[in-house]
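The block underneath contains the structure these notes are about, expressed in structure tokens.
The values are calculated or read from the model by the stated rules, or taken from the named source; none is laboratory data. On a predicted model such as this, the values are computed, not experimentally measured, just so you know. As a convention, Cβ positions derive from the backbone with ideal geometry for all residues, glycine included, and neighbour counts pool all protein chains shown. Side chains are part of the model used for accessible areas, which takes the heavy atoms of the whole protein and leaves out ligands, DNA and RNA. Shrake-Rupley method; radii C 1.70, N 1.55, O 1.52, S 1.80 Å.
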Amino acid sequence: MKPIVCSVLLIALLTPAGFAAQPRTLTVAVDAPAKPISPELFGTFFEDLNYAADGGLYAELIQNRSFEYSSTEQANWGPCEFWELVKTGDGDGQLGLGDARPVHVKNPHYLLLTVLKPGEGVGISNPGFDGIPVEGGKSYEASFWAYQAFMGAKWGGPGPRVDQGKPMPMTVRLESKDGRVLAEAHLEVSGRAWAKHSVTLTSNQTATDARFVLLAHQPGGLALDMVSLFPRDTFKGRANGLRRDLAQAIADLHPKFMRFPGGCLVHGPGVRRYYDWKKSVGSVEQREAQRNSWGYHQTMGLGYFEYFQFCEDIGAAPLPVVAAGVCCQHAGDSPGRGQEGLPLAEMPAYIQDVLDLIEWANGPTTSKWGSVRAAAGHPGPFGLKFLGVGNEDDITPDFTERFKMIYDVLKTKHPEIVVIGTAGPFPAGEDFEKGWAFSRELNLPLVDEHYYVSPKWFWDNLARYDTYDRKGPKVYVGEYAAHDEGKRNTLRSAIAEAAYLTSLERNGDIVQLASYAPLFARRNHTQWTPDMIYFTGTEVFPSLNYSVQKLFGLHHGDAYLSTVLEAGPAGARLTASTVRDSQSGDLILKIVNGDDAPQSLAVRLTGAAKLPATAERIVFGGASADTVNTDGVRPAVIPKTERSPVAAEFSYEAPANSLTIWRIPGR
Ligand code: AHR
């Protein structure tokens, strides 16, 4: 392995202390040949944890719409969780659970509503996820599947007689917490066969904690399933769509790719409990909901079609991850049970599922799975290029055997697919070494590294990739975050990540992709901190780390220019990188100061044929390292954009704990 000298770091290490007062020279070789780097370096990673999908990005407002919540997910949950019987006036009725005539075999439970005495309506209510947020004047698409189980009294027993052919009159309503009607629509349900009923509700008022109510107005029995409510105003107006504000927050990162659906979610809480992409496509009422590894419910309403569609909508390459034929070593019904492999006899069928995924994403509409994609509304291929196999798995013989079985077939049948292997959960150690050795043995195109470490670790490891073997597999830094004390999203952590990202730019020839993790966390439903973006039903609270990601996503390049920082005092936290964006021709210089005091620089842009008088300069930081954002108030630190003079030589004082970006037009 030939070491690549990291000029920025090496000089810093050789420097005696006590040099601080002097401006350090930062030299950017504008005229020297630039090194091509990955144009898709900065992406994002979406995992359904912290209620990131159901109750998060997926815009469905009803919780437990298909009556499939279960005590396998949370001990006190059952199929009627989050549903209540509503009796108005002198009405009376009962709720029961049905499984004899499901909407679809994969969606086995439904609700049986019996109206004994209608009063002013007997039915059900649902509070959504911590209350249903509605906006005055906005429209919501309510729908449910239903059939008439009987009219009048069951078995024709005592009670009012109603003509069996008569439809059931129904009311669909949004109500405020104190019972005011915010929106209402009326419809009828008739027939003994399941059918979907839809109405549009327009709220007359804004409320953060409305409830959804469905009432029946005649004695009788109704079967109900897939009771759903979506805002009409989803991201890009898509049906079965995504919450506009959260989707936009991802889009604003300008990610070049998006990895999904996990994480640990992928290999699942037990053998055969992996995330099965096939369960996530097709009509939503036919998708098989399942427990996710994070201990709650996945409707699969946000499924592979929606993920791929979203990637296309935001211009990000889709990067799905499939299990490597083993379950999570940390999951299972008995803690510490460890990794288990699918029985080898089941591997051919599992591998076929992986091949089918590629056909579903890229195949012609005439193919079996391409036709499923087309039927969902996307006849053209999605252009799948990347495929992750495995996630942080223990590198055991069970794992390697199954991984190799999958990879051998992929390599032969789909050489165009870039397969990404895995190197465990840590930046070093046994699984890391074994994962890399195995990946080299197979000559994999890319290996996924993960690390959740201290801000100090990031500063201490800026040279990590400088010496990576350029001839072996490339790197995908699939999950990383600087975990500061108390797992807070401090400016210290954000600036440490910024520093590290400059080192990824410098090594953008070997590091092809990188994505922070985790992305989303719903307040009061968070299993993992820190996260990049926090949210409630109505608000989005980006962290300081989000700002850094967004700045790197916006100001990325495809070639690296030699950037040499003169030595400074030992321990001084200062680093820099320069990239060029060949599309705009812009030169993008980033300087990161991780010290609690400003640091002075003499910047030299050598060999620049022509420089504009001024350039855009964005400064993020300049505050205490312990600064954090607080929900509901203006972010504590926001990037400030200004015009700044540029010349072949200029001085700059990098504020304490800051990232500064110059964007200098090259044409
Ligand atoms: O990002 C959260 C979790 O961290 C992921 O699911 C897993 O891959 C990692 O351990």
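Within the full protein context, the accessible area of residue 405 is estimated at about 60 Å² for a probe radius of 1.4 Å.
Given a 1.4 Å probe and heavy atoms of the protein chains only, how would you sort 457, 662, largest accessible area at the top?
457, 662
With n ≥ 4 as the cut-off for DSSP H runs, can you work out [θ] at 222 nm for the chain, using -39500 (n - 2.57) per run divided by the number of residues, rounded to the nearest 500?
Numbers: 11 runs with 118 residues, N = 667.
For the chain, the value works out to -5500 deg cm²/dmol.
Where does each of 651, 547 land when they are ordered by accessible area, with a 1.4 Å probe and the largest first? Walk me through the intermediate numbers first.
Values: 651 100, 547 20 Å².
Solvent-accessible surface, decreasing: 651, 547.
Ordering 29, 61, 666 by the projection of their Cα atoms onto the charge dipole of the chain, which places +1 on the Cβ of Lys and Arg and -1 on the Cβ of Asp and Glu, puts 666 at the extreme positive end.
Considering only 389, 455, 418, the residue lying farthest towards the positive end of the dipole of region 385-508 is 418, judged by Cα position with unit charges set on Cβ. Computed with every protein chain present, the accessible area of residue 90 is close to 90 Å² [probe 1.4 Å].
Among bridges DSSP assigns within the chain, what percent are antiparallel (round to 5)?
Numbers: 103 of 139 bridges.
Bridges in the chain are about 75 percent antiparallel.
Between residue 641 and residue 610, the simple spin-label model (points 7 angstrom out along Cα→Cβ) gives 2.4 nm.
So how do 631-638, 486-493, 92-99, 282-289 stack up, highest first, on mean other-Cβ count within 10 Å?
The peptides rank, most packed first, as 486-493, 282-289, 92-99, 631-638.
Each of 196, 278, 177 has its accessible area taken with a 1.4 Å probe; listed largest first, they run 177, 196, 278.
Of all the accessible heavy-atom surface of the chain, with the other protein chains kept in place and a 1.4 Å probe, what percent is carbon and sulfur?
Details: 13450 of 25350 Å².
Result for the chain: 53 percent of the exposed heavy-atom area is carbon or sulfur.
Region 193-221 and region 452-517 have their alpha-carbon centroids 49 Å apart.
Computed over region 480-527, the Cα gyration tensor eigenvalues convert (square root of 5λ each) into semi-axes of 25, 14, 6 Å, ordered from largest to smallest. Measure up 590/640; 487/590; 35/640 against 18 Å on the Cα-Cα distance and list the ones that go over. Correct reply: 487/590; 35/640. Contact order for region 376-431, expressed relative to its length and based on alpha carbon pairs under 8 Å spaced 6+ residues apart, stands at 48 percent.
Given the pairs 87/154; 413/550; 256/279, which span a C-alpha to C-alpha distance of over 30 angstrom in this model? Walk me through the intermediate numbers first.
Numbers: 87/154 19 Å; 413/550 37 Å; 256/279 27 Å.
Check vs 30 Å cut-off fails for 413/550.
Where the only charges are on Cβ atoms (+1 Lys, Arg; -1 Asp, Glu), what is the dipole of region 467-533 about its Cα centre, to the nearest 20 debye?
On the way: 9 positive and 8 negative charges, 20 e Å.
About 100 debye.
Keeping every protein chain present and rolling a 1.4 Å probe, give me the accessible area per residue for the chain in Å². Before the final figure, lay out each step's value.
Values: 25350 Å² over 667 residues.
Each residue of the chain exposes 38 Å² on average to a 1.4 Å probe.
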